[in-house]
1. Using beta carbons and a limit of 9 Å, which pairs, at least six apart or on different chains, have the first residue in the range 113-134 and within 16 Å of the ligand (Cβ to nearest atom) and the second one assigned to a loop (DSSP other than H, G, I, E, B) and of a type in the set (Ser, Thr, Tyr)?
2. Could you say whether any residue in the range 6-25 is within 16 Å of the ligand (Cβ to nearest atom), under 24 Å from Ser209 (Cβ atoms), assigned to a strand (DSSP E or B) and free of Cβ contacts under 8 Å to residues at least 40 places away in the same chain?
3. May I ask you to say which residue of Met66, Met61 is part of a helix (DSSP H, G or I) and within 21 Å of Val137 (Cα to Cα)?
4. Counting just the residues of the range 26-52 that are charged (D, E, K, R) and within 16 Å of the ligand (Cβ to nearest atom), which one comes out farthest from Gly171 (Cα to Cα)?
5. Quick check on the range 87-103: of everything there that is without any contact (Cβ under 8 Å) to a residue 60 or more places away in the chain and in a loop (DSSP other than H, G, I, E, B), which residue is surrounded by the most Cβ atoms within 10 Å (Cβ to Cβ)?
6. Do you know which residues across the range 139-178 are in contact with a Leu (Cβ under 8 Å, 6 or more places away or on another chain) and either over 24 Å from Glu203 (Cα atoms) or surrounded by fewer than 18 Cβ atoms within 10 Å (Cβ to Cβ) (or both)?
Amino acid sequence: MGRTIAVGDVHGCARELEKLLKKLNPQKSDRIIQLGDLINKGPDSHATISLARAYDIQTIMGNHEMRLLKAKKEKRLKELNGFYHETFNQLGKSDWKYLKQLPKFIYEHSLKTLFVHGGFCPNKPWYSQDLELITTVQVITKSGLPEKRTYGTKSKPWADYWKEDTFVVYGHTPRMRIYKKRNTLCIDTGCVYGGKLTAYSVEEDRLISVNAKQTYC
Ligand SMILES: [Mn+2]
């Protein structure tokens, strides 16, 4: 039987993604799910999408893909940070085609596991939460509202409130080490900030990572 492997935030770090893939040595029966934020901030977004396509990786929508697609559609790219422009100029037709088909999340029934970019708000059914929320949430305020952690110093990570049976594997909140809490696992180990790019093999319950070659951002 094949493996199910999740990969954390890549942010255009193509060299590290390639190194990680070599280490994983995926077989035809394996399934690789990238948890979103495949692109932006790092050196080569085009190359990361090319790798994702070559290795048949299923990427989930991250806040960076979402913002870029939205800005392209609404022709409001000017309002975004410089790295969005860099990415925009790098991408070709097939790259855009790849980005447009990204799902909000993936639920793998046989594993009772949910793959998502950011996370969920604890007091609503997870399957009905909107894309903006699940790609951006980091912490929950005392009054139960989702926020980016930069604003809420007294807020706790959303995962601290997760009480469901479903196991959630996610990225988006970079930390030096993985964050394992109850039925959740965050594998964003900040590759683009000079940390690591981490993968998690679900059936084997195993972490595999490679160091960033440099600090890109
Ligand atoms: Mn993100």
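1. Gly118/Thr173; Gly119/Thr173
2. Looking through the range 6-25, none of the residues is within 16 Å of the ligand (Cβ to nearest atom), under 24 Å from Ser209 (Cβ atoms), assigned to a strand (DSSP E or B) and free of Cβ contacts under 8 Å to residues at least 40 places away in the same chain.
3. The unique qualifying residue is Met66.
4. Lys41
5. Per the stated criteria, the residue is Leu91.
6. Once the filter is applied, which keeps residues that are in contact with a Leu (Cβ under 8 Å, 6 or more places away or on another chain) and either over 24 Å from Glu203 (Cα atoms) or surrounded by fewer than 18 Cβ atoms within 10 Å (Cβ to Cβ) (or both), the range 139-178 yields Pro146, Thr166, Phe167, Ile178.
Bear in mind these aren't lab numbers, they're just calculated from the coordinates by the rules spelled out. Keep in mind the model is a prediction, meaning the values are calculated, not measured. Because the Cβ atoms are built from the backbone with ideal geometry, glycine has one as well, and the counts that use them run over all protein chains shown.
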